[in-house]
């Protein structure tokens, strides 16, 4: 294993895919965020906590520009983080992923991780725009969300171990087992404790765009890491060519 | 007529320290973007960091967009 090459391509692919995620958010999620924060502002004006003055809007616009720029930076950081996990799992599982080139393997793994670490947890605890969420419950919600992701992820690893031990014609039982397991967890885990106070068309539109943007990330990281792995072959440090 | 067959044997064993580095990157990055509420800057700024929430505000939009509970 060319360790430095391995680390470099994993971190670069994560950072690039995360930056793409941040840019995608700016394009398709940001309008919903602006709309939701606009509702928050109206609530502040109505409650008297803030005054609707030109000075307010100057400060607000500068603050939001800073946050929007931060979104791309946060995308790069989050992408590097998730990309590191993706790189670990890919390196450990590459030899058991379906036969084919690296792109096929990375897309397969990205699909599995997208489904089990993002989409299924999202169905239980979907993303919410600003105006939705009680600050008093943020720790509870964070614990619930992270717990569900961890349970789903470790459940996937567990049922993969079962999958390996099953005969070819009974491997479907591992998929059925995971479905039953995560379905049970889905029902048993407490719901998000907060009520949704924002208009549902805003919330639903935000959630759809959130899923699209996160999916863009997973497609990007599969494409970039698969391409870089194929080009640099970090797992072929000492090729022993026998004739 | 001779034929030659090339077989490439690859070593795929991953050094533990490489996995450890990536695991740390994963944990730190996830905490920074998804969960920090002033904890990191509190090392330097003390209690004031929990009021300023610099990292929280900087990552605010991504937190919402990526599905993390924010506020």
Of all the C-alpha pairs in chain A, what % are more than 23 Å from each other? 60 percent
Mind computing the radius of gyration and Dmax over the alpha-carbon atoms of the range A:144-227? Å is fine for both. 17.3, 51
FRET efficiency estimate (nearest 0.05) - Cβ-Cβ, residue A:161 to residue A:137, R0 45 angstrom: 0.80
Just to confirm the number: angle between the C-alpha axis of helix A:200-232 and the first principal axis of chain A, 0 to 90 degrees, nearest 10? 30 degrees
Highest-MSF residue in chain A out of A:42, A:99, A:168 [GNM, Cα springs under 10 Å]: A:168
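From the helices alone, meaning DSSP H stretches of at least four residues, give me the mean residue ellipticity at 222 nm for chain A, per-run term -39500 (n - 2.57), in deg cm²/dmol to the nearest 500. Spell out each step's value before the answer.
On the way: 8 runs with 175 residues, N = 243.
Computed mean residue ellipticity for chain A: -25000 deg cm²/dmol.
Take the Cα radius of gyration of the range A:1-93 and divide it by 2.2 N^0.38 Å, with N its residue count; two decimals is plenty.
Values: Rg = 19.1 Å, N = 93, 2.2 N^0.38 = 12.3 Å.
For the range A:1-93, the normalised Cα radius of gyration comes out at 1.55.
On a full-extension model of 0.36 nm per residue, what is the gain between residue A:232 and residue A:112, subtracting their alpha-carbon distance, rounded to one decimal in nm?
On the way: separation 120, 0.36 × 120 = 43.20 nm, distance 2.42 nm.
Residue separation times 0.36 nm, minus the Cα-Cα distance, leaves 40.8 nm.
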So what's the angle, to the nearest 10 degrees on a 0 to 90 scale, between helix A:54-93 and the longest Cα principal axis of chain A? 10 degrees
Fluctuation leader among A:138, A:12, A:214 - chain A, Gaussian network, Cα springs under 10 angstrom: A:138
Quick check: pseudo-label points 7 Å beyond the Cα along Cα→Cβ at residue A:200 and residue A:186, how many nm apart are they? 2.0 nm
From Cα pairs below 8 angstrom and at least 6 apart in sequence, can you work out the relative contact order of chain A, rounded to a whole percent? 39 percent
Of A:63, A:145, A:32, which is the most mobile in a GNM of chain A whose springs link Cα atoms less than 10 angstrom apart? A:63
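The numbers here are math on the coordinates, done by the rules we state, and not lab data. What you see is a predicted model; the values in this text were computed from it and never measured. Every residue, glycine as well, gets a Cβ built from its backbone with ideal geometry; the counts of neighbours run over all protein chains shown.
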